[in-house]
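Here's the structure, in structure tokens; my notes come after.
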Amino acid sequence: MTSFLTCIKLVALSFVFIFFQQNGFSQKSQFQAGLKAGVIGSQIDGDGYIGWNKAGLTVGGFVRTDFTENWGAQFDLLYSQKGSRDPQDAEKNKFDYYLIRLDYIEIPLDVQYTYNKFRAEAGVSFGVLVNSYEENAQGEVPLSPFDFRPFEFGYNIGGYFDVTEHVFLNVRYNRSFLPISNEFRFLQAQFGFFGGSYNSSFSFALGYTF
């Protein structure tokens, strides 16, 4: 419920942000703003689990500007659900289960190169952890083996395709520069070996430019 309310607040904030941007820069045609929403597939590199098994949502707004005919930059304000999931597999007699949910407010800043209807992007992002939750087969984990850090620094690479003048598709890969959780730890009985852990995610979003 907390994550849902955070998402609603971010969407409202994005509308306010875009309203003032559109009014403040209405005389500068090189500025554009819009909204985007999509899904995320994520894992945590170094958490002891393998696979892009954690699904989440990403939603928010953006402002972009063109420096030249081909080069520009974009600033996003996003709510993104990341984490990790180790599912059960009855066929392999695996009944253990572990879920990590990490909700971030993210601010990516990307340089973009445009060619016809395509835009390639690369840049950095800053995230604030607003909620974390862990669960196993017995239910919520009260004492986490992780010490999740309140901030995340990462990088982005991706691309855009303009479906129409206003509608676009965006695919983006994001990974942490710095560890998002505790350094080396060994808990042999339950969790195995943990090194510095890093968020790693792919997002697929649909957007609208005003």
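The values are calculated or read from the model by the stated rules, or taken from the named source; none is laboratory data. These numbers were taken from a predicted model, which means no experiment stands behind them. Using ideal geometry, Cβ is built from the backbone for each residue, glycine included, and neighbour counts are taken over all protein chains shown. What goes into the accessible areas is simple: the full protein's heavy atoms, side chains included, and nothing from ligands, DNA or RNA. Shrake-Rupley method; radii C 1.70, N 1.55, O 1.52, S 1.80 Å.
Return the residues of the stretch 96-113 that are within 18 Å of the chain's Cα centre (by Cα), among the acidic types (Asp, Glu) and either under 23 Å from Asp47 (Cβ atoms) or open to solvent by 70 Å² or more (accessible area, probe 1.4 Å) (or both); say none if nothing qualifies.
Asp103, Glu106
Given the conditions (1) at pLDDT below 90; (2) open to solvent by 30 Å² or more (accessible area, probe 1.4 Å); (3) at positive phi, and given that Asn116 satisfies all but one, which numbered condition is not satisfied?
It is condition (1) that Asn116 fails.
If you take just the strands (runs of 3 or more DSSP E) that sit entirely in the stretch 44-147, which of them hold at least 2 residues that are within 24 Å of Ala205 (Cα to Cα) and touching a Pro at 6+ places or on another chain (Cβ under 8 Å)?
Per the criteria, 71-86, 118-136.
Of the residues in the stretch 53-65, how many are surrounded by 15 or more Cβ atoms within 10 Å (Cβ to Cβ) and either in contact with a His (Cβ under 8 Å, 6 or more places away or on another chain) or over 13 Å from Ala33 (Cβ atoms) (or both)?
Total satisfying the criteria: 6.
Go through the stretch 17-43 and count every residue that is in a strand (DSSP E or B), at pLDDT below 95 and either out of contact with any strand residue (DSSP E or B) (no Cβ under 6 Å at 6 or more places or on another chain) or open to solvent by 60 Å² or more (accessible area, probe 1.4 Å) (or both).
Counting residues in the stretch 17-43 that are in a strand (DSSP E or B), at pLDDT below 95 and either out of contact with any strand residue (DSSP E or B) (no Cβ under 6 Å at 6 or more places or on another chain) or open to solvent by 60 Å² or more (accessible area, probe 1.4 Å) (or both) gives 1.
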